[in-house]
Amino acid sequence: MAKINLLNWREEFRQEKKQEFIRHTVLVCIIAGIVAFAWVSIVNGSIENQNARNQLIKDELIVLDKQVKEIQELKRKREELISRMRVIQDLQGTRPIIVRYFDEFVRAVPDGVFVLSMVRKGQTITLDGVAESNSRVASLMRNIDNSLWFDESNLKSVTADPAYGEQAVRFSVVLNTVLPSDNNDNKNK
């Protein structure tokens, strides 16, 4: 049999396969690196895009917060203006009522009664005065109770005051002011 040495050929074939394996490994590593780089780039781009969107939302929220504060300030100013308008309307609406109270009071005061002071706090009026007699004070109280503009009169004190006469008395009366419609409703109940 003839002797053929295939060892060189096999060695060359192994070297060739080894180099082919190395080339394939390097190629796979390069492709894996490219894929990894592409994936990292895509993820980083997505993160940056989301961060940019988040920052845009934060900026818009700051603008909206400023607008909300402006709206709240405008609402507060509006409420202040409305309350001022109500006060002015109430004052304008009650201007003739004060005159009516004085007119009713003049009608309720009988002859022989002198009012020294009249103090109003809210709906309460305190009268201090001098009367010729106790019957004049009683007449004043009856007239006040019969008025549609006054209610709940209370005699606080009656003291003799001889400086104004023999039977003269100094008195103090507390009464409430009401609007006639309110008073009629209360008297009907």
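Quick note: the coordinates plus some simple rules give every number you see, no bench work behind them. Just so it is clear, the structure is predicted and the values come from calculations on it, not from any experiment. Virtual Cβ from ideal backbone geometry, glycine too; neighbours counted across all protein chains shown.
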Ranked from fewest to most other Cβ atoms within 10 Å of their own Cβ, M141, M118 fall in the order M118, M141
Nonlocal amide H pairs with D161, under 5 Å, H built at 1.01 Å: A168, V169, R170
In nm², the average projected area of the convex hull spanned by the Cα atoms of the chain is 27.7 nm²
For segment 90-188, what relative contact order do you get, as a whole percent, if you take Cα pairs closer than 8 Å and at least 6 residues apart? 26 percent
Degrees separating the helix 134-146 axis from the principal Cα axis of the chain, which is the longest one: 40 degrees
For segment 90-188, what is the convex hull (Cα atoms) projected area averaged across all directions, in square nanometres? 6.4 nm²
Based on DSSP H runs of at least 4 residues, each adding -39500 (n - 2.57), what is the mean residue ellipticity at 222 nm of the chain after dividing by all its residues, to the nearest 500 deg cm²/dmol? -24500 deg cm²/dmol
In nm, the gap between the two label points placed 7 Å beyond Cα toward Cβ at R14 and S133 is 15.3 nm
Order of F21, F114 - criterion: other Cβ atoms within 10 Å of each residue's Cβ, fewest first: F21, F114
Under the 7 Å Cα-to-Cβ spin-label approximation, E79 and V99 lie apart by a distance in nanometres of 3.7 nm
Any chance you could give the angle, 0 to 90 degrees and rounded to 10, that helix 7-108 forms with the longest Cα principal axis of the chain? 10 degrees
